[in-house]
Amino acid sequence: QVQLVESGGGLVQVGGSLRLSCAASGRTFTYVMGWFRQAPGKERDFIAAISWRGSQTNYADSVKGRFTISRDNARNTVYLQMNSLKGENTAVYYCTARSGSISGDRYEYPYWGQGTQVTVSS
């Protein structure tokens, strides 16, 4: 059984930074870990994913150069460092996990956290 718990969300001003954390329990150290977000009235969109060794990452074009995904397998934790935040980044951010290769398709991820709210204000 895999459980994912996100933390680190909150209110931040435009241009600010936040670091989200996702604590995983269960046998996730060989899993691809990812982050998605969902704004009100919109679909859940891919942000970033990282291979289980951390050697491979993939990002949505909209966050390249501003967001960084990383993981600490000793702590069973994956992180999302978000810099230069914009108003359109306001959303609920979800941590997710899957076995196999990196994917940007939310339907290929069977495990999800409950989400953490990020609000970017001007």
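The values are calculated or read from the model by the stated rules, or taken from the named source; none is laboratory data. Everything numeric in this text was worked out from a predicted model, so none of it was measured. Counting neighbours? That spans all protein chains shown, and the Cβs are built from the backbone with ideal geometry, glycine included. Accessible surface areas use protein heavy atoms only, side chains included; no ligands, DNA or RNA. Shrake-Rupley method; radii C 1.70, N 1.55, O 1.52, S 1.80 Å.
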Subject >> The lone exception for W52 - which of (1) among the aromatic types (F, W, Y); (2) open to solvent by 20 Å² or more (accessible area, probe 1.4 Å); (3) not in a loop (DSSP other than H, G, I, E, B) it fails >> reply: (3)
Subject >> In the range 67-90, the residues that are open to solvent by 40 Å² or more (accessible area, probe 1.4 Å) and part of a strand (DSSP E or B) >> reply: T68, S70, R71, D72, Q81
**OP:** Just need a number here: residues in the range 112-122 that are within 18 Å of V2 (Cβ to Cβ) and either of a type in the set (A, V, I, L, M) or surrounded by fewer than 19 Cβ atoms within 10 Å (Cβ to Cβ) (or both).
**Re:** 3
Original post:
Is at least one residue of the range 106-116 among the hydrophobic types (A, V, I, L, M, F, W, C), more than 11 Å from the chain's Cα centre (by Cα) and either modelled with pLDDT of 95 or more or farther than 11 Å from S21 by Cα (or both)?
Top reply: no
**OP:** List every residue pair whose Cβ atoms lie under 8 Å apart, where the two residues are 6 or more positions apart in sequence or sit on different chains, the first residue falls within the range 34-48 and is closer than 14 Å to V63 by Cα and among the aromatic types (F, W, Y), and the second residue, located anywhere, is part of a loop (DSSP other than H, G, I, E, B) and open to solvent by 40 Å² or more (accessible area, probe 1.4 Å).
**Re:** F46/G104; F46/D105
Original post:
Can you name the number of the only condition in (1) open to solvent by less than 30 Å² (accessible area, probe 1.4 Å); (2) outside any strand (DSSP E or B); (3) closer than 20 Å to T119 by Cα that Y93 fails?
Top reply: (2)
**OP:** Name the single residue, out of those in the range 1-36 being open to solvent by less than 40 Å² (accessible area, probe 1.4 Å), part of a strand (DSSP E or B) and not hydrophobic (A, V, I, L, M, F, W, C), that is farthest from S122 (Cα to Cα).
**Re:** G34
Original post:
Out of the range 96-105, which residues are more than 12 Å from the chain's Cα centre (by Cα) and not in a strand (DSSP E or B)?
Top reply: S99, G100, S101, I102, S103, D105
**OP:** Any chance you could count how many residues in the range 37-49 are open to solvent by 50 Å² or more (accessible area, probe 1.4 Å) and in a loop (DSSP other than H, G, I, E, B)?
**Re:** 4
**OP:** Kindly indicate whether any position in the range 50-72 is of a type in the set (S, T, Y), in contact (Cβ under 8 Å) with a residue 12 or more places away in the chain and over 23 Å from V12 (Cα atoms).
**Re:** yes
**OP:** Kindly check whether there is at least one residue in the range 108-116 that is free of Cβ contacts under 8 Å to residues at least 40 places away in the same chain and not in a loop (DSSP other than H, G, I, E, B).
**Re:** yes
